[in-house]
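Just below is one structure, and these are the notes that go with it.
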Amino acid sequence: MGIPFNKLTAVIDLAAIVHNYELLNKAGGAVIPVIKADAYGHGLLQVAQVLSQAGAQTFAVGTVEEAVALRAGGHAKTIIALLGPVDPAEYQALWDANIMPFIHTFDQLKRVLAMALERGAGVCGASAATGGVKARADEGEEALAIALKFDTGMRRLGFTLADVSQIAALLKGVPNVRPVMLSSHLATADEPEGGDYVAAQAAEFLAIREALEREGFPCRANLANSAALLGNPELRFDAQRAGIALYGANPYAGTAKAALGQGLKPAMSVKTVVLSVHALKAGQTISYGCAYTAQRDMTVAVVAAGYADAYSRGLTGKAWMCLHGKRVPVLGRICMQMCAVDVTGLEDVAAGDDVWLLGGGGAGRISPEELAGWWGTIPYEVFCLLGLNKRAY
Ligand SMILES: *Cc1c(COP(=O)(O)O)cnc(C)c1O
């Protein structure tokens, strides 16, 4: 795993993830941890394991491949694949590894139903491939449980309200596929002005839930993401799908609702090492393009972090690092595996010292929201990218 041979390490605090999970459970109840994209860069298997121990019963990954990897890693709880099956092998894996797919197109639904009919009743459920794990023991062994994904305003994936009767007609002919979950995703829950759109999506979601019930398919419903879990108590149905807040980023950072995310602990810190320390005299330049000129005599540390480590070159002239607990600015262009920071006035900086791109101790600690701001992005992307590096727990 990770970018080979580089010096960066993403240090993951699993206890912080458990802390955040418990906090979210208290705030909103019935959290489905979203652990897609390698748990937002924090490690699929590791995060699933600690949250499973903490009591989580259902987990959401992105691709069926991720779900299969999680099952192969020994995970025994319900696993939902948010993207649903894409290629033929992924359809087969739903049964082999006991995965609950998000079904969002008629093509997917028809294929799943056709496969289920082929298999016949009683063949599905926990298979030998999962080592006899009965991940859905409460839901019976015979039917494949699926989640129906509806579009209520994201306009990305999902059925619409108008599709319900056709979905129901298809499902009625195939008893060994059971829709047990109903989901939709909010587009604006974390936007300060997003309230009306959230309400409109929620109204559409309720109508869909009622339509499914009328057709004889009551489903456990989940709509909220992290932001809605914290900020929209009226949107709590049977469960909430929480991702970013589990990893300690506040979805409301910088808004009037920031207090809703109080107490979340960032779980990822990223460190590297100082390679050399030297003087930069007034008038000298540093790094490619001679783009930075020292205005005074300085001391600089060259550190092992660059864009090949997913530390974006776009951070040039913007980012800070944390060294010996203090903030130090990045100087000059960020290179492929290196960049420089200004350590003028800091005592005893030496090659081999740890330097933190994210996190770090003391007053200089860097929050995910700050780094994302310098980067021109959001903490989600910072975690996913820096989490590509090797990890320590
Ligand atoms: C990623 C994702 C989530 C989690 O969203 P956060 O904002 O990280 O809490 C929930 N639902 C779906 C469908 C997702 O893709």
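Simple rule: put +1 on each Lys or Arg Cβ and -1 on each Asp or Glu Cβ in the range 241-317, find the dipole, and look at Ala258, Ser287, Tyr307; the Cα lying farthest toward the positive end is Ala258.
Computed over protein heavy atoms with a 1.4 Å probe, the accessible surface of the chain works out to 42 Å² per residue. Extension gain for Thr344 to Lys390 (0.36 nm times residue separation, less C-alpha to C-alpha distance): 13.5 nm. Label-to-label distance for Arg214 and Ser165 is 0.9 nm, based on points extended 7 Å past Cα in the beta-carbon direction. Distance between the pseudo-spin-label points of Asp297 and Arg119 (7 Å out from Cα toward the beta carbon): 7.5 nm.
Residues in the range 15-32 carry Karplus couplings, in order, of 5, 5, 5, 5, 4, 5, 4, 5, 4, 5, 4, 5, 6, x, x, 6, 7, 9 Hz; the curve used is 6.51 cos²θ - 1.76 cosθ + 1.60 with θ = phi - 60°, and Gly or Pro positions show x. Summarising the label geometry, the points placed 7 Å from Cα in the beta-carbon direction at Asp96 and Lys172 lie 3.5 nm from one another. Note on the chain: the alpha carbon radius of gyration divided by the globular reference 2.2 N^0.38 Å gives 1.13.
In the structure shown, the pairs Lys36/Lys326; Lys26/Lys390; Lys257/Lys390; Lys26/Lys77 are assessed against 29 Å; a Cα-Cα span above that value is assigned to Lys36/Lys326; Lys26/Lys390; Lys257/Lys390. Accessible surface comparison of Glu191, Glu234, probe 1.4 Å, protein chains only, largest first: the order is Glu234, Glu191.
With the chain treated as a Gaussian network of Cα nodes joined by springs under 10 Å, which of Pro266, Pro33, Pro175 yields the largest mean-square fluctuation? Maximum among the listed residues: Pro175.
Trp320 sits with roughly 100 Å² accessible to a 1.4 Å probe, with DNA, RNA and ligands left out of the calculation. Pairs of Cα atoms nearer than 8 Å and 6+ residues apart set the relative contact order; for the range 268-366 it is 35 percent.
Run a plain Debye calculation on the range 1-70 (Cα atoms as equal point scatterers, no solvent) and give log10 I(q)/I(0) at q = 0.23, 0.28 Å⁻¹, rounded to two decimals, same order as the q list. Debye curve over Cα of the range 1-70, log10 I(q)/I(0) at q = 0.23, 0.28 Å⁻¹: -1.04, -1.32. If you bin all the Cα-Cα distances of the range 268-366 at 10 Å, starting from zero, the percentages per bin are 17, 54, 27, 2. Judged by the mean number of other Cβ atoms found within 10 Å, the most tightly packed of the peptides 324-335, 378-389 leads the ranking 378-389, 324-335.
Looking at the chain, the DSSP beta bridges with both ends there are about 50 percent antiparallel. The 3J(HN,Hα) values that the Karplus relation (6.51, -1.76, 1.60; θ = phi - 60°) gives for the range 215-222 are, in residue order, 7, x, 10, x, 10, 6, 9, 9 Hz. Gly and Pro appear as x.
Which residues does the label zone of Ala308 cover in the range 360-387, counting backbone N under 13 Å from a point 7 Å along Cα→Cβ? Correct set: none at all. Expressed as a whole percent, the accessible area of the range 268-366 that falls on carbon and sulfur atoms is 52 (1.4 Å probe). Against the main long axis of the alpha-carbon atoms of the chain, helix 195-214 sits at an angle near 30°.
In this Cβ point-charge picture (+1 for Lys and Arg, -1 for Asp and Glu), the chain has a dipole of about 440 debye about its Cα centre. As a fraction of the 1.4 Å probe accessible area of the range 147-214, surface on carbon and sulfur atoms comes out at 50 percent.
Leaving out ligands, DNA and RNA, what percent of the accessible area of the range 1-126 is carbon and sulfur, probe 1.4 Å? That share works out to 59 percent.
The values are calculated or read from the model by the stated rules, or taken from the named source; none is laboratory data. Fair warning: this is a prediction, and the values are worked out from it, not measured in the lab. Here the Cβ is made from the backbone with ideal geometry for all residues, glycine too, and neighbour counts use every protein chain on show. Keep in mind that these areas ignore ligands, DNA and RNA; they rest on the heavy atoms of the full protein, side chains included. Shrake-Rupley method; radii C 1.70, N 1.55, O 1.52, S 1.80 Å.
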